[in-house]
1. Is it the case, given these coordinates, that VAL91 is surrounded by fewer than 24 Cβ atoms within 10 Å (Cβ to Cβ), closer than 19 Å to ALA81 by Cβ, hydrophobic (A, V, I, L, M, F, W, C) and in contact with a Ser or Thr (Cβ under 9 Å, 6 or more places away or on another chain)?
2. May I ask you to list the residues in the range 236-259 that are small (Gly, Ala, Ser) and open to solvent by less than 20 Å² (accessible area, probe 1.4 Å)?
3. What is the residue count in the range 205-219 for residues that are in a helix (DSSP H, G or I), open to solvent by 10 Å² or more (accessible area, probe 1.4 Å), touching a helix residue (DSSP H, G or I) at 6+ places or on another chain (Cβ under 7 Å) and over 14 Å from ASP177 (Cα atoms)?
4. Pairs please, first residue from the range 300-326 and farther than 16 Å from ALA347 by Cα, second anywhere and open to solvent by less than 30 Å² (accessible area, probe 1.4 Å) and basic (Lys, Arg), Cβ atoms under 6 Å, 6+ apart in sequence or on different chains.
5. Applying the selection to the range 323-333, what residues are among the polar types (S, T, N, Q) and either open to solvent by less than 20 Å² (accessible area, probe 1.4 Å) or in contact with a strand residue (DSSP E or B) (Cβ under 9 Å, 6 or more places away or on another chain) (or both)?
6. Just need a number here: residues in the range 300-322 that are open to solvent by less than 20 Å² (accessible area, probe 1.4 Å) and not in a helix (DSSP H, G or I).
7. Would you point out the residue of the range 334-356, among those that are acidic (Asp, Glu) and in a helix (DSSP H, G or I), that is surrounded by the fewest Cβ atoms within 10 Å (Cβ to Cβ)?
8. Take LEU125 and tell me if it is buried (at least 20 other Cβ atoms within 10 Å of the Cβ), within 35 Å of the chain's Cα centre (by Cα) and at pLDDT below 90.
Amino acid sequence: KPKPKPKPKPKPKPKPKPKPKPKPRSATAAPRGCMVVGPAAEEQPMTISMGGGRAPPPGVSADELMAKVDAALSAGGATPAQMVMYGNMQVNLGALDAGRDTFETVLELGARVAPPDRVACLIGLGSIAALRDEGRDALAHFSEALRVDSGSVEAWTRRGQVLAAAGRLVEASADLDRAVNLLPPRSRPDVYQQRGIVRHKLKQFAAARRDFQVVCDLAPQNAVAWNSLGQCDVAMGEGEAAVEAYDRAAALDPTLKEALLNKAIAARNLAWASEAFGAYDTLVQMHPDYNAAWQYRAFMHHAVGATDCAIADTCRALELDAEELQTLHLLGLLCHAFGFFEGAVAAFDTILARDGANAAWYSRAWSLYLWRHLDAPCASFSPDRGMPGAVKEGQCKRADVRVMRTAGGDASAPAHVPPVAPPPGVNPNPNPNPNPNPNLLPSR
């Protein structure tokens with residue numbers, strides 16, 4: 001008998017490709033039916049500082065130092081340069097009136113005062129005016145100092161600070177550019193930091209980031225600079241780099257609550273839920289009276305569906321600040337998510353009683369609509385035909401509910417709920433050829 005042919009070896013079946021894991025839902029996405037998006041990242045306040053109030057030398061109390069300065073000035077015989085030094089010490093110790101008198105006494109000497117001492121006195125007077133929020137006088141003194149010496153880095157810097165505080169950011173940026181150009185390379189991180197603040201306010205995020213990076217390189221212990229660096233990273237779409245910068249800021253200064261909050265929001269935007277919740281939990285433990293921490297964590301709970309936890313956090317935020325309209329709006333949305341439409345409408349009515357043009361008007365229209373229709377027979381409820389135009393546009397334009405063209409929605413309110421008039425400036429029927437029912441969008 002012929003030998004049987006060997007059976008061919010079965011070909012190995014190709015391993016099935018693993019199914020890609022679904023991307024985690026971004027915690028910033030508003031839940032279905034939510035008429036507003038979540039709060040934006042809270043920026044650590046970037047204020048302009050004139051550098052006053054410095055601490056006295058170690059081992060010497062402020063009162064002792066002030067007594068020594070007064071004794072030296074009373075004894076007489078001090079040179080203009082020494083008097084300028086005493087005036088600066090008085091300003092740094094908070095004795096602004098005494099410092100002003102000292103500087104004015106030096107300027108009264110006239111030609112006997114050398115130009116550098118004259119410039120120092122004018123800068124001192126400008127700083128006193130700035131610390132007292134007398135911006136016009138401060139600008140006049142700093143400008144006079146620059147007429148005496150156009151190469152004074154301190155005068156350019158402080159005039160730029162005053163212009164920035166007055167909102168004249170373009171002029172402030174030009175003055176701080178002059179100050180940086182007069183400096184030796186990569187020196188005076190405080191000047192770079194001030195310019196970075198102004199550039200960030202001008203939304204020149206790449207340029208601002210370069211300035212803050214210089215500050216972080218020259219003064220790596222500056223927690224505020226690391227936090228500002230993270231803000232620029234977020235604005236440029238570099239979320240992971242921002243989280244690293246916020247981590248560095250929080251490690252350097254655990255009391256800088258804005259860094260922890262910004263880290264939590266950046267992690268939320270990256271859909272890193274565990275990191276975001278960890279940062280929020282740390283924040284509320286370290287700063288239990290920080291209203292923004294409870295509010296933002298409530299929104300995070302709401303976004304991932306933990307509505308009960310969100311309500312608990314929102315109630316805590318309202319205990320800390322019952323006048324915060326954004327928190328009241330969130331409470332209304334949470335009541336809406338639970339189907340407690342009466343509570344939602346009550347929260348929205350509270351907001352509208354304080355601000356008639358608030359975006360809660362559209363959220364109220366949505367709650368009123370569902371309040372009536374969810375109990376209606378299925379045959380009489382069509383989500384497409386029966387939904388007010390304001391609700392449809394709200395779902396499509398959640399980023400800015402104020403740009404909605406339709407203001408309908410209250411026509412479907414229960415009989416016992418009084419309708420709310422549209423916010424000022426909203427045309428309830430902007431279509432020149434209106435439909436028979438202006439609350440409905442045209443059919444397709």
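The values are calculated or read from the model by the stated rules, or taken from the named source; none is laboratory data. Predicted model only: the values in this text are computed from it and were never measured. Virtual Cβ from ideal backbone geometry, glycine too; neighbours counted across all protein chains shown. SASA here: full protein model, heavy atoms, side chains in, ligands and nucleic acids out. Shrake-Rupley method; radii C 1.70, N 1.55, O 1.52, S 1.80 Å.
1. It is false that VAL91 is surrounded by fewer than 24 Cβ atoms within 10 Å (Cβ to Cβ), closer than 19 Å to ALA81 by Cβ, hydrophobic (A, V, I, L, M, F, W, C) and in contact with a Ser or Thr (Cβ under 9 Å, 6 or more places away or on another chain).
2. Of everything in the range 236-259, those that are small (Gly, Ala, Ser) and open to solvent by less than 20 Å² (accessible area, probe 1.4 Å) turn out to be GLY239, ALA242, ALA245, ALA249, ALA259.
3. The total comes to 5.
4. Here the result reads MET300/ARG268, each pair linking the range 300-326 to a residue that is open to solvent by less than 30 Å² (accessible area, probe 1.4 Å) and basic (Lys, Arg).
5. Hit for the range 323-333 is THR327, nothing else.
6. Going through the range 300-322 one residue at a time, the tally reaches 0.
7. Here the residue is GLU342.
8. Spelling it out, it is not the case that LEU125 is buried (at least 20 other Cβ atoms within 10 Å of the Cβ), within 35 Å of the chain's Cα centre (by Cα) and at pLDDT below 90.
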